[in-house]
Amino acid sequence: MTSLFGQIEPLLFHVEKPARYVGGELGSQEPVHGPGIVSWLLAYPDTYEIGLPNQGLQILYEILNEQPDALAERTYAPWTDMEKAMRAEGIPLFSVENHIGAPDFDVIAFNLSAELTYTNVLNMLDLGRIPLRTIERGPTDTVVLAGGHCTYNPEPLADFVDAVVLGDGEEVVTEISTVVGAWLGQDPASRKRIDLHRALAGVAGVYVPSLYRPIFDGPRQIGLEILDDAATEVVEKRTVADLGEWPYPKNQLVPLTEVVHDRLNVEVFRGCTRGCRFCQAGMITRPVRERPAAQVVEMVNRGIARSGYDEVALTSLSTADFSGIEGVVADVVDDPAHGGRVSVSLPSLRVDAFTVATAAKIQQVRRTGLTFAPEGGTWRMRKVINKLISDEDLFAAVDAAFSQGWRRVKLYFLIGLPTERDEDVLGIAELGRRCVEIGRKYHQNVTVSASVGGFVPKPQTPFQWHAQDSVDELARKIALLRGEARQIRGLQIKWHEPAATSAEGIVARGDRRLGNVLEAVWRDGGTFQEWSEHFDLGRFLKGLEDNGLRAEDYTTRMRDVDEVLPWDHLSAGLHRDFLEGEYRDALAEVGLEDCRWTPCYDCGACTTFDLEHVVASNQPPAGGSQGTGQGLDLGVPVPVILSPTAT
Amino acid sequence: MGTIPARLRIRYTKTGRIRYTSQRDMARAIERALRQAKLPVAYSEGFSPRPLLSFSLALPTACESLAEYIDLRFSPDSEVASEWTVADEATPEEIGVVVDRLGSLLPGGIDVVAGCGLDGSEGSLQEEVTSCSWIVEVAGMSAKQLDERVASLLNAAQVPIERVRKGRQVTDDLRPSVHHLSVEGSGATPGAVRLHAELATKPRGVRPNELLSGIDSTLRLVRASRTSQWIERNGRRLEPLTADGQLLGSAVPTTTIGGR
């Protein structure tokens, strides 16, 4: 394998942030390529700064490089200036470690975390000189895979990928590598790609789109034809039963240049059973699997010592819910080896006073702002989405934050939620106004900012059948809210561009016909659609029109609960009757408790895979009223059978 | 671990791929290395305490350097649980230990070559350094053509260049900042021509690409290496710290570019 660095280097003087392209991170590996070793190029379809911290990619990077018969390097989407220079000089997409071209890798595997990065996937394949469509690839072309949260509806990318992985990647990645290695071991002259596809379809959790053909009628998909015996009717996701067996990443990459989340990140649990109905992550990553507290502390201490970072984030979908949170925080903050200079951040705070007290204890060094996510402006709205935070919960949390010295509070909301009325939107301003009032009790100048995102119904959630608000409706609601908020001093409103929400919605619940649209958007220059300076809804609308499709069929159309959905054959374990029941309860404004502390309601995430929640305590966290049905004052044990460790 | 002076100046080189990082990235790397070494760094006061370290004039991203400097402050009262002892003075051997330790923790391509204690009477690097020597490789012109351009620049009374300062386009006169400029023959990169320049850092520094825009706008920057930084004292040019550890010493300027 030849390094392209000699050709790349002359470009680096003339592009923005050249450190994006040189590798050299602490923890980076420069594996030696050779026969019999399956070479993986792990790709993140956005800039280096966004992609580098991705924990999923880093976990797979380490696991693959530990295998004797596999190796992994990384690549990210080159920024537009670099892409232009690379195309002008005839340089293909390359790895940042050994600077080897994508065509020289056996596998390129994309992490799909956001729908608007899909056009970058196409661009990277093209830049990597890999035939764009699976059907165009021969026996020697790089195998194209994808994993990550978006793969629960991969249909828009179905024509471009050889296979898609559902769920946790720790175990399945080496199984796939073995299958690819065996196929590559065959004589290239007689090797057939269909044999690889059939073998991959035999790996649990792997979906091979080319073995299925969707059938359409007008705006809808009406069926799915299975084209090969190797394909199963339903592909179930993979779930790692015990996170304690996977203490990865062991050597988190420490980049030479600044990236987002530039700190040590330790995942404390995976999954969430809070049951927020809008939240795809909470639905598809069930059940809850906590990392043993002692292992968390060990990973933190080791990580701090080797990286030199002074901040560690304990990551999960709701870290304050971690059973051992107080002990872990105390162990880290009080460890004399860290000299009092290590701060702990909890990226997802629960909305209650107790959580703020914990935050106060650990953020003694830099107390800048606190963020809460009530998501809905009124109690009625929050019952619909099952984010069961009372106004009192929020006010107590905000009171605690301001009284503890914070002067800036950020609130996250969604608009365009099912059943939403104008009073729910205006409720956001009202909550903001009350929060400013609370702050003024403690400080003269306080800022409350409300960030308002447009809701996109996602596959595998109770709202997968529901219509999304139109661009005009979202814009109207934002204007309504801004008008109201203008009269409230100290309240700032920030909002997400409704056109981008619409494009995300088109792709999120799109079917296989979206492939042509994505290709049209990409060919029209539509890369980096996550970036507002590059985003253009017009390209998507034109792509749809040119392919005889209409945006409203994907976004504002109500689906029937018995209609075929493009992702029906892909399963996160959730029973359809659970999702349907949750949808009905949502419309009836009925909440559902967190099953960690209440009896099982059989969503399917545990029972389908013979798993159990792995939590260290049967006591809900003190002060956590959300979804537990418990009092605000302290945690009370609830009668429930729990498994303290995985079996 | 050892004894360290309360004020320490280090000299390092930045060559190879690490040169594509920014000055800000370099500061982050130093901060991480200081924490890993458990050095009792003194922190600033206030709401968001930062380690007290000061650089000389920032090295532009993608330029390499054989002569970079940082002044560090240590305090026995630092909150860092440290095995180092802070003293008013430290021996060269003791300084060698901390220099080696920092060097081993910094990313590849950063080599700490020397260190020495300061007594606090020295001015800051930002204020004291008055000029820098550069080796610049350019493409787009033959050595002979370039020679003519250089001569006409040196003969000009004024050399106006456009640059962006604080978001505004301004015109500055480059000429007073060019203390020396000469063509040194062909560069290490095929087809490139090598220039040797000494550029003033006051009233503001001149970057290699700004120098090129003053010579000819068609020139393309291929490589740039800062080879020395100079402090002018009583008509003599001194280095803030020589590669062999002499504070405010004079050295023969090197004209070689370090390898990758």
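The values are calculated or read from the model by the stated rules, or taken from the named source; none is laboratory data. Every value quoted in this text rests on a predicted model; they were computed, and no experiment measured them. Because the Cβ atoms are built from the backbone with ideal geometry, glycine has one as well, and the counts that use them run over all protein chains shown. Keep in mind that these areas ignore ligands, DNA and RNA; they rest on the heavy atoms of the full protein, side chains included. Shrake-Rupley method; radii C 1.70, N 1.55, O 1.52, S 1.80 Å.
When A:114, A:88 are checked against the criterion of being more than 14 Å from every other protein chain (Cβ to nearest Cβ), of a type in the set (Gly, Ala, Ser) and under 30 Å from residue A:537 (Cα atoms), a single residue qualifies: A:114.
Screening residue A:148 against (1) at negative phi; (2) in contact (Cβ under 8 Å) with a residue 24 or more places away in the chain leaves a single unmet condition, (1). Comparison of B:60, B:49, B:76 shows that the only residue that is within 19 Å of residue B:129 (Cα to Cα) and part of a loop (DSSP other than H, G, I, E, B) is B:60.
Residue check: is residue B:212 within 14 Å of chain A (Cβ to nearest Cβ), closer than 19 Å to residue B:152 by Cα and either in a strand (DSSP E or B) or of a type outside the set (Phe, Trp, Tyr) (or both)? Considered against the rule, which asks whether it is within 14 Å of chain A (Cβ to nearest Cβ), closer than 19 Å to residue B:152 by Cα and either in a strand (DSSP E or B) or of a type outside the set (Phe, Trp, Tyr) (or both), residue B:212 comes out as yes. Filtered by the rule that a residue be of a type outside the set (A, V, I, L, M, F, W, C) and either in contact (Cβ under 8 Å) with a residue 60 or more places away in the chain or within 14 Å of chain B (Cβ to nearest Cβ) (or both), segment A:296-317 gives A:301, A:302, A:303, A:306, A:307, A:308, A:309, A:310, A:311, A:315.
Tallying residues that are surrounded by fewer than 20 Cβ atoms within 10 Å (Cβ to Cβ) and either assigned to a loop (DSSP other than H, G, I, E, B) or within 14 Å of chain B (Cβ to nearest Cβ) (or both) within segment A:232-245 yields 6.
Annotation note: of B:11, B:24, the sole residue that is under 17 Å from the mean Cα position of the chain (by Cα) and more than 10 Å from chain A (Cβ to nearest Cβ) is B:11.
Remark: residue B:54 matches the filter, which requires a residue to be surrounded by fewer than 20 Cβ atoms within 10 Å (Cβ to Cβ), touching a residue at least 60 places away in the same chain (Cβ under 8 Å) and not in a loop (DSSP other than H, G, I, E, B). Residue under question is residue B:133, and the condition is that it be of a type in the set (S, T, N, Q) and at pLDDT 95 or above; does it hold? Judged against the criteria, residue B:133 is a match.
Give the number of residues within segment B:64-105 that are within 14 Å of chain A (Cβ to nearest Cβ) and either aromatic (Phe, Trp, Tyr) or out of contact with any strand residue (DSSP E or B) (no Cβ under 7 Å at 6 or more places or on another chain) (or both).
Matching residues across segment B:64-105 total 10.
Only helices (runs of 4 or more DSSP H) whose full extent lies in segment A:489-563 are considered here, and the ones with at least 1 residues that are farther than 17 Å from residue A:218 by Cα and touching a residue at least 60 places away in the same chain (Cβ under 8 Å) are A:498-508, A:514-523, A:537-546. Residue B:257 satisfies every condition listed in (1) farther than 19 Å from residue B:56 by Cβ; (2) at pLDDT 90 or above; (3) crowded, with 16+ Cβ neighbours inside 10 Å except (2). Return a yes/no flag: does segment A:262-275 have any residue that is touching a Pro at 6+ places or on another chain (Cβ under 6 Å) and under 30 Å from residue A:137 (Cα atoms). The answer is no, given that none of the residues of segment A:262-275 is touching a Pro at 6+ places or on another chain (Cβ under 6 Å) and under 30 Å from residue A:137 (Cα atoms). With a requirement of 3 or more residues that are open to solvent by 20 Å² or more (accessible area, probe 1.4 Å), the helices (runs of 4 or more DSSP H) lying completely within segment A:27-141 that satisfy it span A:55-66, A:80-89. For segment A:438-478, a residue qualifies if it is free of Cβ contacts under 8 Å to residues at least 24 places away in the same chain and open to solvent by less than 60 Å² (accessible area, probe 1.4 Å), and exactly one does: A:475. Checking each residue in segment A:260-304 for being under 15 Å from residue B:32 (Cα atoms) and assigned to a loop (DSSP other than H, G, I, E, B) picks out A:262, A:263.
Summed over segment B:37-63, the residues that are within 25 Å of residue B:242 (Cβ to Cβ) and away from chain A (no Cβ under 11 Å) give a count of 8. If the condition is being buried (at least 23 other Cβ atoms within 10 Å of the Cβ), touching a helix residue (DSSP H, G or I) at 6+ places or on another chain (Cβ under 7 Å) and within 16 Å of residue A:509 (Cβ to Cβ), then segment A:272-293 contributes A:277, A:284. Does residue B:18 fit the bill of being open to solvent by less than 20 Å² (accessible area, probe 1.4 Å), modelled with pLDDT of 95 or more, facing another protein chain (nearest Cβ under 9 Å) and out of contact with any Leu (no Cβ under 6 Å at 6 or more places or on another chain)? Considered against the rule, which asks whether it is open to solvent by less than 20 Å² (accessible area, probe 1.4 Å), modelled with pLDDT of 95 or more, facing another protein chain (nearest Cβ under 9 Å) and out of contact with any Leu (no Cβ under 6 Å at 6 or more places or on another chain), residue B:18 comes out as yes.
Within segment A:9-26, being part of a helix (DSSP H, G or I) and surrounded by fewer than 20 Cβ atoms within 10 Å (Cβ to Cβ) holds for A:10, A:11. Answer yes or no as to whether residue B:156 is surrounded by 14 or more Cβ atoms within 10 Å (Cβ to Cβ), touching a residue at least 12 places away in the same chain (Cβ under 8 Å) and under 21 Å from residue B:220 (Cβ atoms). Taking the combined requirement at face value, the residue does not satisfy it.
Selection within segment A:387-437: residues that are of a type in the set (Lys, Arg) and under 27 Å from the mean Cα position of the chain (by Cα). The member of this set that is least open to solvent (accessible area, probe 1.4 Å) is A:387.
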